[in-house]
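Scroll down for the structure; my scribbles are underneath it.
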Amino acid sequence: MPTTTPARPFDTPERASFRDTVQRFIDVEIAPHADAWDEAGDFPWALHEKAGALGLFGFGIDEAYGGLGFDDALMRFDSAVAMGYAGIGGVNASLFSRGIMTGPIQHLASEDQKAEALTAIVSGQVGGALAMTEPSGGSDLARMKTRAHRDGEDWLISGEKTFITGGMKASWFVVGARTGGDGFGGVSLFLVPSDAPGFSRTAITNKMGWWASDTATLHFDDCRVPASAQLGQEGACLLAIMDNFNYERLSLAAGCLGMARRCLDDAIDYAQQRETFGKPLIKHQAIRHKIADMSMKIDALDSYLQMIAWRINQAREAGAPMPAAELAKVKVLGSKTAEFCANEAMQILGGAGYLRGCAVERIYREVKVMAIGGGSEEIMRDLAVKQMGL
Ligand SMILES: Cc1cc2nc3c(=O)[nH]c(=O)nc-3n(C[C@H](O)[C@H](O)[C@H](O)COP(=O)(O)OP(=O)(O)OC[C@H]3O[C@@H](n4cnc5c(N)ncnc54)[C@H](O)[C@@H]3O)c2cc1C
């Protein structure tokens, strides 16, 4: 565990035990292979099954479909922090991107669809991905161009989705497609299997980071799915995935906290060992100030995130809306903190940090996507101010 983890005001024996389970999984199953998997641009599918067996994909999913039968934002937070700290974002992305598509299936799919798709995805036996972003843009989803129209009892979907995490290996996709007029009100969700007629995919292999994750462009060429593939009410896409986006923002910000803390810990380790000008690096004031600045930002992010996770739990129990403004703000605070800490840690490590095979180098490459995916920093700031009623 990181040496800098402070005491947690909302801790319970169950949360501590869950955190230990996740940490053991990372220490045994991921950490020893992180560099090799990153270089290979891939990792064994068995890891999905092992994570599934531990229940890591089961938050908010009924036990009947292999889920945990409960939700806990603080446990989600702990899991994401630990994965961020492991310092291999590609594995994290591929494993947990299914989490942004299982929610709509749990809430909107039929019993048969859940028995077939949800159980297999939550167990880690197969993959699932959320397909919203299109080549023409990801921020303004209300303008999505992919269309679905009725053909007898079926739907025919036409269009393209891109940057889809887990998209090359996934067996199921939750896809946004326009069934009505302009705006978000005209967009519906569909559950599409990878063997649907008219579906194909192309790998995106030149990413700056997240090398170990598979990312795809999806092609829907009059892709035929049955009427039952439509999830929820026609045109109710935004409503159906709002909570999903909120949980994604919590996880991304918590992942950033883990990344930032790993950068701080590795920088401290290095600065204690390295000597320059006759004394350890850590004894030079300019370096000590960097450590202080990183630590301050990390503590602030940690406290804010724990409070927000607690508020999410309260809101869920009360049937109240999620704290959307706070989640938007903390998503920005998270990516900014991780970016700052990756930069400062790299500077403290000097040339050693610039070499592949070093967690700080990988995190430095992988912080940028945290500022773009799951709602970019610009869009999150706009959303936060809108939620303030301005
Ligand atoms: C590695 C990776 C994995 C991803 N995984 C998935 C996935 O699994 N599923 C999925 O659906 N999508 C995924 N995405 C897509 C991601 O959600 C989008 O990249 C993101 O929403 C931004 O969309 P865009 O890249 O099209 O940028 P654009 O929407 O074209 O925006 C370009 C830039 O302009 C800024 N901008 C846009 N509008 C405004 C405005 N009004 N004011 C100020 N600035 C603005 C944006 O913040 C951005 O910085 C992934 C992306 C990456 C890079």
Item to complete: Place +1 on the Cβ of every Lys and Arg and -1 on the Cβ of every Asp and Glu in the range 157-281, take the dipole about the Cα centre, and give the residue among THR217, ALA196, GLY180 whose Cα lies farthest towards its positive end.
Response: THR217
Response to the item:
Taking Cα pairs closer than 8 Å and at least 6 residues apart, the relative contact order of the range 231-390 in percent is 31 percent
Practice prompt. Using Cα centres only, tell me the gap between the range 322-354 and the range 235-265 in whole Å.
Written response: 14 Å
Worksheet item: At what distance in angstrom do the alpha carbon centres of the range 164-226 and the range 266-291 lie from each other?
Response: 48 Å
Worksheet item: Under the rule that a partner needs its Cβ under 4.7 Å from the first Cβ, which Cys of the chain have none?
Response: CYS223, CYS237, CYS256, CYS358
Worksheet, complete the sentence: The lysines whose Cα lies under 22 Å from the Cα of LYS283, excluding any fewer than 8 residues away in the same chain, are LYS297
Worksheet item: Comparing ALA292, ALA267, ALA86, which has the greatest mean-square fluctuation in the GNM of the chain with Cα pairs linked when under 10 Å apart?
Response: ALA292
Item to complete: Compare GLU378, GLU317, GLU49 in a GNM of the chain, Cα atoms joined below 10 Å, and give the one with the largest fluctuation.
Response: GLU317
Practice prompt. Pairs of Cα atoms under 8 Å, at least six residues apart: use those to get the relative contact order of the range 132-278, whole percent.
Written response: 23 percent
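Cβ under 14 Å from ARG356's Cβ, ARG356 left aside: what net charge do those residues give with Lys, Arg +1 and Asp, Glu -1?
On the way: positive: ARG362, ARG365; negative: ASP35, ASP38, GLU39, GLU361, GLU366.
With Lys, Arg at +1 and Asp, Glu at -1, the net is -3.
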Discussion item. Which one, ASP214, ASP182, ASP71, has the greatest fluctuation when you compute a Gaussian network model over the chain with C-alpha springs under 10 angstrom?
Written reply: ASP182
Item to complete: Counting helices only, and only those DSSP H runs with n ≥ 4, report the 222 nm mean residue ellipticity of the chain as the sum of -39,500 (n - 2.57) divided by its residues, in deg cm²/dmol to the nearest 500.
Response: -16000 deg cm²/dmol
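How do CYS358, CYS256, CYS237, CYS223 line up, fewest other C-beta atoms within 10 Å first?
Values: CYS358 19, CYS256 32, CYS237 29, CYS223 25.
Taking fewest neighbouring Cβ atoms as first place, the list is CYS358, CYS223, CYS237, CYS256.
A 21 angstrom limit on the alpha carbon distance is what I want to check against. Which of LYS161/LYS207; LYS145/LYS386; LYS50/LYS331 exceed it?
Numbers: LYS161/LYS207 16 Å; LYS145/LYS386 25 Å; LYS50/LYS331 29 Å.
As for pairs spanning more than 21 Å Cα to Cα, those are LYS145/LYS386; LYS50/LYS331.
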Practice prompt. Any aspartates and glutamates with Cα under 16 Å of the LYS368 Cα? List them, leaving off those in the same chain fewer than 8 positions away.
Written response: GLU339, GLU344, GLU377, GLU378
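Any read-out appearing in this document is the output of simple, stated calculations on the displayed coordinates, not a laboratory observation. Predicted, not measured: the structure shown is a model, and the values here were computed from it. Using ideal geometry, Cβ is built from the backbone for each residue, glycine included, and neighbour counts are taken over all protein chains shown.
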